[in-house]
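One structure below.
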Amino acid sequence: MEVTVLPEVTWLGVVIKAVIILAIISAIAGFGTYLERKVLAFMQRRLGPMHVGPYGLLQILADGIKLFTKEDIVPQNANKLIFQVAPAITAATAFIALSAVPVFPDFTIPEFIPLLGGTFVPSMAADLNIGVLFILGMMAAGLYGPLLAGMAQANKWGILGSARTAIQFLSYEVVTGLSILAPIMLVGSLSLIEFNDYQAGGIGSWMMWQQPVALILFLIAGFAETNRTPFDLLEHEAEVVSGYATEYSGMRWGMFFIGEYANMITISVLAAVIFAGGYNDLGFLAGWFVIILKIAFFFFLMLWVRAAWPHVRPDQLMWLCWKVLMPIAVINVVITGFVMMA
Amino acid sequence: MSLEEFKNRNIGKQNYVKLDLEHTPQTPLGRFSRVVRRTLKGELFVGLYVTLREMINALFRGEMHTVKYPLEKLPISPRYRAIHDMLRLLESGHYRCIGCGLCEKICISNCIRMDTRYDENQRKEVSEYTINFGRCIFCGYCAEVCPELAIVHGGRYETASEQRASFSIFEDMLTPVDALKQQKEYDGFGAVSPNADENIKKTPLAY
Amino acid sequence: MSNEITIKIDGIEYKTKEGEYILNAARANNVFIPAICYLTRCSPTLACRICLVEADGKRVYACNAKAKEGMEITTSTPDILEERRAIMEVYDVNHPLQCGVCDQSGECELQNYTLEIGVDSQSYAIPDTKRETKDWSSVLHYDAGLCIVCERCVTVCKDMIGDAAIKTGPRGGEALPKEYKESMPKDAYAMWNKLQKSIIVPSNGSEFTNCSDCGECTAVCPVGALVSRDFIYKSNAWELEQIPATCAHCSNGCQIFYEVKHTSITDPTPKIYRVTNEWNYVSLCGSGRFAYDFENRVEGKDAEAFARAVEALQKADTIRFNSVITNEEALMLQTLKEKFGKKLVNNDAYAFGKFLSTYGKAAGKMLYGSDLKSITSSDFVISVGAALRNDNPNARYAFNNIQKMNKGAGLYFHPVADTVISDLGKNVMSMIHKPGLEEAALYLVLDLFSDKEKLPEATRSYLESFHKKGTRTVTEKVMEEVTETVVDEATGESKEVTKKVPKSVSKEVEFEINELASMLGGSDDFADAFEKMMAKKESFSLIVGEDLYFHPKAENLARLVALIESTSAINIVMIPPKTNSLGVALICDLDDAAEGYTVGYNENGDFRLSALGNGDLDMPALNQQEGTLTNINKLVVPTNAALGYNGYVLNDLMNALGCGEELTVAWTPKLASKRGFEAHCFDDLPNGYTNSGAEQRGYALVDLHRRAGEEGVEEFDGSIALEGEIAYRCNPQRQFNDFTDKSHEIFEAFALYASSTKAEELGAKVEVDFGSERRVFDVVADERMEGNIVKVPDFRSADDIYGLFGENRFKNVTIRKV
Ligand code: SF4
Ligand code: SF4
Ligand code: SF4
Ligand code: SF4
Ligand code: SF4
Ligand code: FES
């Protein structure tokens, strides 16, 4: 394996990277909503948003304006501080998790740009050697957003929503962790870059062939952790109005939203990096392009599933987690261990 | 979509299959085996397949359902009871209404009013005619009772208004004289039944 | 009742009166027999024949056959049903299918009976004839195409109105095909045969009726053939709300319905579209029917004017008003008099009231003995001092109806000859006398009708003094026997032959002269003619008019009337001069002259309360207020507000003066404080007719009896008879007061009316010198007047014509052309 010597990572580079992530992911999250509506519409043979901008592209902008200008209501009996902080937790944890995710390849800002010229911007803001652990940890901490939001708002739907948050996130955290334990064992590192490099040998070397069960478990658990159909129980309209977000409006509600989409992206990136070959070049396709395609696919998969499947009941959710997925994950780890020892 | 296509859309083409739902298994084992069975059967993937197929149909095969409403409009059924039209006689172009007042009488919302007078040609002239659409419930009685097939329900169904009451006067409802050729006979509520002739006894004429 | 009989209709027993038509008997008992051409109160025409019934096994026409004790009547047998159906089918032959535009639609008897009989197919046909639509007068519109020739219009005009202005005329239709004669039910055929030959035309041979324009023919027409020109195509009958009321124009107080609807699409305020009546039981005149839009529309309450009015009333010494007001308003004014000592001045009611009280003193009661309704059943009617055609149209209708229905006779004493009256029947005698000789007329009536035994000695001999024996030369045809000697040519013999040859001889005959009659314009053979008129007459009536109230010898006249009533079998009716003169005369103590500051109510004054829209404070007109009126039939009848009124009413003024009631109608029970009236709540007063034609309207005044006065009658004063150029205070037909004048369908002008020849002589415009004042009038020819007397109308109160004539209705004037 060829060893490349990377330029030194400066604090300026990290800040720039962080700003980029924040800006781009927010934008992409917004764009994600547009995509979601479009894809769902197409699958139902509708057109989706069409009227703001060409093909409704500026709908995001309209939504943004709406979210920013809507009145920010804090219910009378709510715990004001917690109520106000909770959305920020969701958004912050989602973005912090992203700091350890390689989002773009490294690059150096061209010399001719004043001030920043020559700064090296790394592919991830923090190349932690425990990247995966960090990401999972951060996402798990994201649990506090909905949990506190629901409990602070003095609304029974909110309480129900936060209760569901607690059980759903905590339970599936286990599955997520166990499911990627096997790949970690294979790679022998927690760094995502290592994962990437492990699969550098073309499609055949992708992790998903060695760990199909782990992939499936990871995806299922990922759906659950991002609160996506068929596990969108936290704010299921037909059951709990809007769950933990019942009393939220305006930008605060928007932060939950962005957080959710950021998490979707995180999960998509993780799936792409851990199981689908990362950002290695694929034939003539450049690595950055390939990974965008892969992320897009996993993102699309979430929308697709939402269009196709009904959601499950909370009891089925638990049953599935503890009685099906968790045992399978454990067995998978054990088998992987045996295979490695053999 | 043409009227003909429209009328036949989605009717009787699908082969609906009745779901043969099995009983919910009672034992844990039964339940487990059902999960396994269903999982392996790939039912979930059928769902994915169907949605993807529909997306492809919609995007590439022109089977998009959406009608971009204010820009595109579907033809409405002739039996739809929308805003009224007042028709004219095809030959002379004179309005058909003779001012008999039956519509005024039958209207259950009491929203029709008319002014008539004796005109210079010794005819009853309908000098003004209004319907208060703020009150009209589009029951169609007026169209049904009209002996002259003068008042009918037209195709204008966009009745939202910024006013609490919006009136239409005679001129608004009357076929414009220059559009006489396009005037369509109304074949909905109150139209003459196709076998009307059979139901009428002939009156002898001495001419 | 003694002549009550029992009949059986379809097996059920009913009570009715002897001699009642089967149809009326059935109607009074709520049994339905179809009938189109019959009009209650008029003679049966037998034009429609649909009223066929079987009485005791024989087919008779219900409208024409009288009920007899124990009669068994079947209203429908299969034969009769077939007949009726054929009749309705015939009516529908060539009847234009234009119900959609027709004014009668919804209340059309042709529609109703076609439906009732269930005509759903047609078996007969005949080529149609072009039938023209005509405007017969300023109000009548006739569409011959719709006419079913039931002749109701002809009948009502002849038997009720008396104009006989229309008749059946040739239609020009083809003769009926022969085969129908055999194949059709025979009554239907007969009906059709007549129908196919006739339409209705004006009877004077012209295109125009030149009639009284009463519009009664339009009311009775069962179909849309005769309608008012103003109403045509304006509104469907069912859109109009009927408001029962009492006509505000003359003293007959006819029951009417104001028919009200919103004005137009753009104007939702209610408007009166027409007036209808129960034409079977009451006949209107042209004012009642067409003068309905006299309401006073005001925007709202004018508080300033109100304050000024209160002040004016406080300041006023006199209130001047006329009798076009309700009893309640009269009572309010009387209250003002009682509380604040205001003088009340009312020309018409004052004269009438004085006459009535003089009469009352002499007769020992308060009111005249009879009413128009009851005299209609008499068979000899006399009218003295009333311009019957103009003063009270219903008195004229009664006069006429007596001639037509009771084979009656009539004596009409009046200085102005009226061709309508003299044409009412061959037994009507017009006595055209000099104005001022009304006393002589009453003496003649006394002479002709009273029981001489009952008369005071002086009067008897006074009357005797007019009877003279006179001789006159009559030329008679006598048959004279002439004996001739004829030579028989053949034999040569001469022979005496006696032949009768007519020959005129003059001879002096002695006969009885009644100088009274001669003085009153009776011809020499008055006595013979009168004898003929009297043949087979049983009940007698006398109509007394306004000329007697406005007369220099009014008091004597009143006593004469009382004397006639007490010494003869004559029933007496007095015509109150204006709408509510009787009520006002009974309620108010009137003063003879105005004095000081005057408030006028619909009259001239320093401050004017007016329902005409031209006063200092607006008042509601009679179609805008509730209240009661006292009519000629001595009934206190209610009237209703057809239209709303936004301004102040008299009761508001009363309240401001501290003696008002909560509502105007709260005064109605308070009327009981006046003689003759009773305490009834306004809302309890009925206003309609039952199926039997019984009038159920308001309540009747109670007459009070007391000892008759002792004052005798004076001899008549021939010297007050007027000669030369004379003006008569009299309104044209259809005009009574400012309100009729205001109505848009009344066209009769405020002008001098004269007979055609006189009008020609006078030219278009004249100046009339009344002595005190001169006035300029247009001259209008009234074709139905004769003689030299001219009529000056008083319907505009602002012109104060009463003032010009003073206490007389006739006046010597000088007329100059201008
Ligand atoms: S549709 Fe019905 S409610 Fe409307 S105007 Fe006609 S009759 Fe009246
Ligand atoms: S029913 Fe028909 S003909 Fe009669 S008034 Fe109404 S629109 Fe005119
Ligand atoms: S007269 Fe009667 S039947 Fe004839 S058109 Fe008029 S409403 Fe119809
Ligand atoms: S005009 Fe009317 S009332 Fe007169 S005959 Fe004809 S239908 Fe009868
Ligand atoms: S309007 Fe009166 S007077 Fe004239 S024709 Fe008719 S009924 Fe006779
Ligand atoms: S009603 Fe008796 S014949 Fe017409």
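Only one entry of C:ASN322, C:ASN390, C:ASN346 meets the criterion of being under 16 Å from the mean Cα position of the chain (by Cα) and of a type in the set (S, T, N, Q), and that entry is C:ASN390.
Within region C:312-323, if we keep just the residues that are assigned to a helix (DSSP H, G or I) and out of contact with any helix residue (DSSP H, G or I) (no Cβ under 9 Å at 6 or more places or on another chain), the residue that is surrounded by the most Cβ atoms within 10 Å (Cβ to Cβ) turns out to be C:ALA312. The set of residues from region B:102-120 being farther than 12 Å from B:ALA150 by Cα, within 14 Å of ligand 1 (Cβ to nearest atom) and crowded, with 20+ Cβ neighbours inside 10 Å comprises B:GLU104, B:CYS107, B:ILE112, B:ARG113, B:MET114. Filtering region A:281-291 for residues that are away from chain B (no Cβ under 14 Å), under 23 Å from the mean Cα position of the chain (by Cα), small (Gly, Ala, Ser) and within 28 Å of A:LYS156 (Cα to Cα) leaves an empty set. Only one of the listed residues (C:ALA67, C:ALA35) is modelled with pLDDT of 95 or more and either of a type in the set (Gly, Ala, Ser) or in contact with a Gly (Cβ under 7 Å, 6 or more places away or on another chain) (or both). That residue is C:ALA35. Scanning region C:49-105 for residues being away from ligand 3 (no atom under 16 Å from the Cβ) and farther than 30 Å from C:GLU259 by Cβ gives a total of 35.
Sub-9 Å Cβ pairs linking a first residue in region A:70-84 that is of a type in the set (A, V, I, L, M) to a second residue that is open to solvent by 40 Å² or more (accessible area, probe 1.4 Å) and assigned to a loop (DSSP other than H, G, I, E, B), at least 6 apart or interchain, are A:ILE73/A:GLU247; A:VAL74/A:GLU247; A:ALA78/A:ALA154; A:ALA78/A:GLU247, ordered by first then second residue. Quick one: would you say A:TRP322 is modelled with pLDDT of 85 or more, part of a helix (DSSP H, G or I) and loosely packed, with under 14 Cβ neighbours inside 10 Å? Taking the combined requirement at face value, the residue satisfies it. For region C:266-290, the set of residues classified as crowded, with 18+ Cβ neighbours inside 10 Å, in a loop (DSSP other than H, G, I, E, B) and either touching a helix residue (DSSP H, G or I) at 6+ places or on another chain (Cβ under 7 Å) or within 14 Å of another protein chain (Cβ to nearest Cβ) (or both) consists of C:ASN277, C:TRP279, C:SER283, C:LEU284, C:CYS285, listed by residue number.
Would you check which residues across region A:21-57 are within 8 Å of chain B (Cβ to nearest Cβ) and open to solvent by 20 Å² or more (accessible area, probe 1.4 Å) and list them? Selection gives A:PHE42, A:GLN44, A:ARG45, A:ARG46, A:LEU47, A:MET50. For the subset of region C:782-802 comprising residues that are without any contact (Cβ under 8 Å) to a residue 60 or more places away in the chain and either over 16 Å from C:ALA749 (Cα atoms) or not basic (Lys, Arg) (or both), which member is least open to solvent (accessible area, probe 1.4 Å)? So the residue we want is C:ASP782.
Checked against the criterion of being surrounded by fewer than 17 Cβ atoms within 10 Å (Cβ to Cβ) and in contact with a Pro (Cβ under 6 Å, 6 or more places away or on another chain), the candidates C:LYS468, C:LYS495, C:LYS499, C:LYS477 yield just one match: C:LYS477. Scanning region C:56-99 for residues that are of a type in the set (A, V, I, L, M), within 16 Å of ligand 4 (Cβ to nearest atom) and in a loop (DSSP other than H, G, I, E, B) turns up just one, C:VAL93. For the condition more than 35 Å from the chain's Cα centre (by Cα), more than 26 Å from C:SER183 (Cβ to Cβ) and either assigned to a loop (DSSP other than H, G, I, E, B) or within 16 Å of ligand 5 (Cβ to nearest atom) (or both), C:GLY19 does not qualify. Whenever a residue of region C:90-102 is more than 9 Å from every other protein chain (Cβ to nearest Cβ), its partners that are among the aromatic types (Phe, Trp, Tyr) and away from ligand 4 (no atom under 14 Å from the Cβ), lying with C-beta atoms within less than 8 angstrom and at least six residues away or across chains, give the pairs C:VAL90/C:TYR124; C:VAL90/C:TRP192.
In this structure, does C:ALA188 turn out to be more than 14 Å from ligand 4 (Cβ to nearest atom), open to solvent by less than 20 Å² (accessible area, probe 1.4 Å) and among the small types (Gly, Ala, Ser)? When the stated conditions are applied, C:ALA188 passes them. Inclusion of B:TYR95 among residues that are open to solvent by 50 Å² or more (accessible area, probe 1.4 Å) and either at pLDDT 90 or above or touching a Phe, Trp or Tyr at 6+ places or on another chain (Cβ under 8 Å) (or both) is not warranted.
Scanning region C:558-585 for residues that are part of a helix (DSSP H, G or I) and open to solvent by 10 Å² or more (accessible area, probe 1.4 Å), we see that the one that is farthest from C:TYR412 (Cα to Cα) is C:ALA585. Taken as a whole, the condition of being more than 10 Å from ligand 4 (Cβ to nearest atom), under 22 Å from C:PHE208 (Cα atoms) and of a type in the set (A, V, I, L, M) applies to C:ALA165. Looking at region A:294-303, which of the residues that are more than 12 Å from A:LEU219 (Cβ to Cβ) and within 12 Å of chain B (Cβ to nearest Cβ) is most open to solvent (accessible area, probe 1.4 Å)? Among them, the one singled out is A:PHE300. Is there a residue being open to solvent by less than 40 Å² (accessible area, probe 1.4 Å), assigned to a strand (DSSP E or B) and within 14 Å of chain C (Cβ to nearest Cβ) anywhere in region B:145-154? Among the residues of region B:145-154, at least one is open to solvent by less than 40 Å² (accessible area, probe 1.4 Å), assigned to a strand (DSSP E or B) and within 14 Å of chain C (Cβ to nearest Cβ), which makes the answer yes.
Those helices (runs of 4 or more DSSP H) of region C:128-237 in which 2 or more residues are more than 16 Å from ligand 3 (Cβ to nearest atom) and away from every other protein chain (no Cβ under 14 Å) occupy C:152-155, C:178-183, C:186-195.
The listed residues are B:GLY93, B:GLY99, B:GLY62, and the only one of them that is over 20 Å from the mean Cα position of the chain (by Cα) and within 11 Å of chain C (Cβ to nearest Cβ) turns out to be B:GLY99. Of the residues in region C:303-311, none is within 14 Å of chain B (Cβ to nearest Cβ), over 29 Å from C:LYS134 (Cα atoms) and outside any loop (DSSP other than H, G, I, E, B).
Looking across region B:134-144, the residues that are within 16 Å of ligand 2 (Cβ to nearest atom) and either within 14 Å of chain C (Cβ to nearest Cβ) or out of contact with any Phe, Trp or Tyr (no Cβ under 6 Å at 6 or more places or on another chain) (or both) come down to B:CYS136, B:PHE138, B:CYS139, B:TYR141, B:CYS142.
The values are calculated or read from the model by the stated rules, or taken from the named source; none is laboratory data. Note that the structure is a prediction, hence the values are computed from the model and not measured. Here Cβ is always computed from backbone atoms with ideal geometry, including for glycine, and neighbour counts include all displayed protein chains. Remember, those area values only see protein heavy atoms, side chains included, never the ligands or the DNA or RNA. Shrake-Rupley method; radii C 1.70, N 1.55, O 1.52, S 1.80 Å.
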